[in-house]
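A.B. asks: Have a look at this one before I ask anything.
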Amino acid sequence: MTPGRQLGWAEESEAIIRGLAHTLSNRAAALGLAGESLEDEEAEVRREASAQVQKEVEQIAEIARLLKLLPRDGVGRPQALQLSEVLADAVALHGHHLELRGITLATSVSASALPVRVDRWALLRALVLLIAGARRGAQTEGGEGGGGEAVTIFVEGTEMESWVRTESDGGTASEELEALAGAMDGRVDRSAQGVRLVLPSLLALRQREQQRG
């Protein structure tokens, strides 16, 4: 496969923030239109407007939640996390990425993937970069429009390690992703089959602590 561009967190998060701002603007406009119909003479129109207002408020609340995930850097402490839960947030953020909208995402989660213990912000950032590399690789293959390409993100593991894997060229893993993996006591594996963000499982960490204690 032809490697995609290797961009860092600053570039990828900027594209996501601009996408979130665009979505927020659209939702605010839709909310205003729905609000105008709340005083309509027709009861059915008022009911539909009320339902639309509730829908728009929920979507705006979700945008606010996603925005709060982005600026954290070095804030927090390691905690037990399911890879699939943090991946869901990374995928949600990528849903607003302005440059990669033509590349659809799917996930596949194996029950073999055990929890890990890391800083949540670092894991989220690493997953956003991992997904970005895979999507940019697919975009390169399909052209700037994306060619309708789809990318699947796999969550798998053993007793000792848990990982998130993409089926993309190994060259799409950035140095920043490798640095984040190292900070989480993990690593990035590259091969012709794809890229893996590998982390020690919570079970492995507990066994190490018992041996040291």
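A.B. asks: Name the residues in segment 102-112 that are assigned to a loop (DSSP other than H, G, I, E, B) and either more than 24 Å from W9 (Cβ to Cβ) or among the charged types (D, E, K, R) (or both), would you?
C.D. replies: S110, A111, S112
Quick grid of which residues meet (1) at pLDDT 90 or above; (2) not in a strand (DSSP E or B):
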{"position": "R47", "(1), (2)": "yes, yes"}
{"position": "Q52", "(1), (2)": "yes, yes"}
{"position": "A64", "(1), (2)": "yes, yes"}
{"position": "V75", "(1), (2)": "no, yes"}
{"position": "A80", "(1), (2)": "yes, no"}
{"position": "A92", "(1), (2)": "yes, yes"}
{"position": "L100", "(1), (2)": "yes, yes"}
{"position": "L123", "(1), (2)": "yes, yes"}
{"position": "R136", "(1), (2)": "no, yes"}
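Residue by residue, here is whether (1) at pLDDT below 90; (2) in a strand (DSSP E or B) holds:
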{"site": "G146", "(1), (2)": "yes, no"}
{"site": "I153", "(1), (2)": "no, yes"}
{"site": "S168", "(1), (2)": "yes, no"}
{"site": "R206", "(1), (2)": "no, no"}
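A.B. asks: Scan segment 6-34 and report the pairs whose first residue is closer than 13 Å to A61 by Cα and whose second residue is in a helix (DSSP H, G or I) and of a type outside the set (A, V, I, L, M), with Cβ atoms within less than 6 Å and a gap of 6+ or a chain change.
C.D. replies: Sorted first by the residue in segment 6-34, then by its partner, the pairs are R27/E56; R27/Q59; L31/E56.
A.B. asks: Also, quick follow-up: Go through V57, V91 for me and flag whichever is of a type in the set (A, V, I, L, M, F, W, C) and in contact (Cβ under 8 Å) with a residue 60 or more places away in the chain. Walk me through how you get there before you give the answer.
C.D. replies: Details: V57 fails: in contact (Cβ under 8 Å) with a residue 60 or more places away in the chain.
Matching residue, one of V57, V91: V91.
A.B. asks: Quick check on my filter: what residues within segment 109-127 are surrounded by fewer than 19 Cβ atoms within 10 Å (Cβ to Cβ) and either under 14 Å from the mean Cα position of the chain (by Cα) or among the acidic types (D, E) (or both)?
C.D. replies: Passing the criteria: R120, W121.
The values are calculated or read from the model by the stated rules, or taken from the named source; none is laboratory data. Bear in mind that the values here come from a model prediction, so they are computed numbers and not experimental data. Positions of Cβ are generated from backbone atoms using ideal geometry, with glycine treated the same way; all protein chains shown enter the neighbour counts.
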